[in-house]
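Written out below as structure tokens is the structure these notes cover.
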Amino acid sequence: MKIYHLSAECYPIAKVGGLADVVGALPKYQNRLGCEAYVVMPWYDRPFIKDHKFENVFDGTVVLKNLQFKFKVLKEKKNSLGFALYLIKIDGLTDRPNVYGYEDAALQYIGFQTIALYWIRESKELPDLVHCHDHHTGLVPFLMNYSSEFEKLRGIPTVTTIHNGQYQGQMGWEMVNYLPNFNLTDGGLLDWDDCINPMAAAVKCANAFTTVSEGYLKELMDDKGAGLEDLYRQESQKAHGIVNGIDTEVWNPETDKYLIENYTSANFVTKKRANKKELCERYKLNEGLPLISFIGRFAAEKGADLLPGIIERAIMERSGDVNFLVLGSGDPAVEQKLWDIHHRFIGNFGLETGYNEPLSHIIYAGSDYLLMPSRVEPCGLNQMYSMRYGTVPIVRKTGGLNDTVPDIDEKDGRGIQFNDADENGAVWAIHKALDFENDTKNSRKLRRSIMKIDFSWEKSAQKYLALYENLKQQR
Ligand code: ADP
């Protein structure tokens, strides 16, 4: 089965969050199941691209309303990632270093999706299915089914995966003239609240939509759909919750090249500590104290605004007998508050702002606990990486965190849960973690057991495949 994954991010080419990790792993595992899975993404001015060889497979000029852009579709020559990778380079639209944050983002994604479909339309062998990820590719199911330019693609099944329903890519209706031709009577399919809403369009027009955990699917229909709750309920007959896996080849404490010392569940006690030592030296922390870390975007969804208050209270209430380390970037107000706290608690709190992939691996390995006070968490990968590295997650009971981290008081517990996304909830959970830490025998036993959990992609890749087969048969 030939599948095209369309996405704005893919690890290791361009990663901002979990979307990249998923799109960088799922196709590889699908190929092992006998599929032919490709990734198609925008070209960015990134080191991976400079370090790898590409060949031109398609080029031309695209006209978006009154604007013309030259483009190329470039294929990575060696398939070095375990799948064929195609990058769409649009001069003047994608030849930039960052993935997000440009004022003309709507135009960037319209250009990317239009060219991707031009190219797919011309391929010798059409795909069996097109799998779109998040709102950046949300117009594709509509265009394939309703644009006169893509009649050749009509009827090819499409799946949309919602990695993050908070971002929907809304744009004003004045953008409609930048889209490939379609009959305006079908325009309602693009609309939500008097805007063109690519996420809503994807849910309406794709043959199926999936969310990255079962729990998140329910939440999207209840109150976390950012205004699309009714739509998710209306379309629930084609909804599926499929939890993400993790790439156990990239995230393996036994072989991870970023770690100071590699380890397994059999020898983690001393070797995991070498990673903690490194972090404590770098951030002037006391190695003898429990280390609780946070890695992620400084965004309200992640509860990052709660971190300064949580850290301050926990350090004070434990009389300085706990250390924190935060790696992240995002909201400048949160960054500023964290720096303020950092200056007050030198010796107890290390802070690194910015994006740092190698450091994130050492933190997963060298921490004792990983804190995730998320308000919304569609799946969450951090908690799975942390468990694989023997680091106990402390999570708010929501979405994918609730699905993957049962509390230690429950059967087969894996971490510590708290109910409320506020300071009190998180500080309560931190006290529970620190009391548990004093029980050396059981905390080691837990670490050993969470390291052995199978979070690999195999099971979830099979679920996607079963869904694809089903859609293909309905065609
Ligand atoms: P989201 O996609 O909502 O940001 P996920 O938990 O799905 O959250 O995925 C986050 C991914 O991004 C993880 O791989 C995490 O390690 C990584 N990450 C987030 N922030 C940083 C950072 N500042 N430096 C390095 N890696 C980061």
- Task: Hey, could you grab the Kirkwood Rh for region 268-454? Inverse mean 1/r over distinct alpha carbon pairs, Å, one decimal.
- Result: 16.0 Å
- Hey, how many Å between the Cα centroid of region 165-235 and the Cα centroid of region 312-329? 40 Å
- Helix 440-451 sits off the longest principal axis of the Cα atoms of the chain, rounded to the nearest 10 on a 0 to 90 degree scale, by 20 degrees
- Compute the relative contact order of the chain as a whole-number percentage, counting only Cα pairs closer than 8 Å that sit 6 or more residues apart in sequence. 12 percent
- Query: Hey, what does the equivalent ellipsoid look like for region 19-88, semi-axes from the Cα gyration tensor as sqrt of 5 times each eigenvalue, largest first, whole Å?
  - Reply: 25, 14, 12
- Message: Can you show me the helix-derived [θ] at 222 nm for the chain, built from DSSP H runs with n ≥ 4 at -39,500 (n - 2.57) apiece and divided by the number of residues, rounded to the nearest 500.
- Response: -11000 deg cm²/dmol
- Query: Near Lys78, which aspartates and glutamates are there with a Cα under 16 Å away, not counting those fewer than 8 places off in the same chain?
  - Reply: Glu36, Asp51, Glu55
- Note on the structure: From the cross-link list Lys15/Lys459; Lys284/Lys441; Lys28/Lys224; Lys75/Lys124, the entries with a Cα-Cα span beyond 19 Å are Lys15/Lys459; Lys284/Lys441; Lys28/Lys224
- Tell me, what is the FRET efficiency for Glu122 and Asp340 to the nearest 0.05, using R0 = 45 angstrom and their Cβ-Cβ distance as r? 0.20
- Which percentage, to the nearest 5, of the DSSP beta bridges contained in region 1-119 is antiparallel? 60 percent
- The ³J(HN,Hα) series, computed from each phi in region 182-192 with the Karplus coefficients 6.51, -1.76 and 1.60 at θ = phi - 60°, rounded to the nearest Hz and given as x for glycine or proline, is 8, 6, 4, 5, 8, x, x, 5, 8, 8, 8
- Query: So what does log10 I(q)/I(0) come out to for region 351-475 at q = 0.09, 0.21 Å⁻¹, using the Debye formula with one equal point on every Cα and no solvent?
  - Reply: -0.30, -1.24
- Query: Stokes-Einstein D for the chain at 20 °C, 1.002 mPa s, Kirkwood Rh over Cα pairs, in µm²/s?
  - Reply: 92 µm²/s
- Query: Considering only DSSP beta bridges with both partners in the chain, what is the antiparallel share in %, to the nearest 5?
  - Reply: 30 percent
- Message: Give me a comma-separated list of calculated 3J(HN,Hα) values for region 44-50, in order, Karplus coefficients 6.51, -1.76, 1.60 applied at θ = phi - 60°, integers in Hz, x for any Gly or Pro.
- Response: 10, 7, 10, x, 3, 6, 5
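Applying a 10 Å radius around every beta-carbon, put 49-62, 131-144 in order of their mean neighbour count, most first.
Peptide ranking by packing, descending: 131-144, 49-62.
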- Message: Amide H of Phe349 versus every other amide H placed in the peptide plane: which residues, excluding those fewer than 5 positions away on the same chain, fall under 5 Å?
- Response: Phe324
- HN-Hα J couplings of region 376-381 from phi, Karplus 6.51/-1.76/1.60, θ = phi - 60°, integer Hz, Gly and Pro as x? 9, 9, x, 9, x, 9
- Query: How big is the C-alpha Rg of region 13-162 next to the rule-of-thumb value 2.2 N^0.38 Å, as a ratio?
  - Reply: 1.00
- Task: Return the long-range amide H neighbours of His133 (sequence gap of 5 or more, or a different chain), with a cut-off of under 5 Å between placed amide H atoms.
- Result: Leu6, Thr161
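Just so you know, all these numbers are worked out from the coordinates, no wet-lab data involved. Since this is a predicted model, take the numbers as computed values, not measurements. Methodologically, a virtual Cβ is constructed for each residue, glycine included, from the backbone with ideal geometry; neighbour enumeration extends over all protein chains shown.
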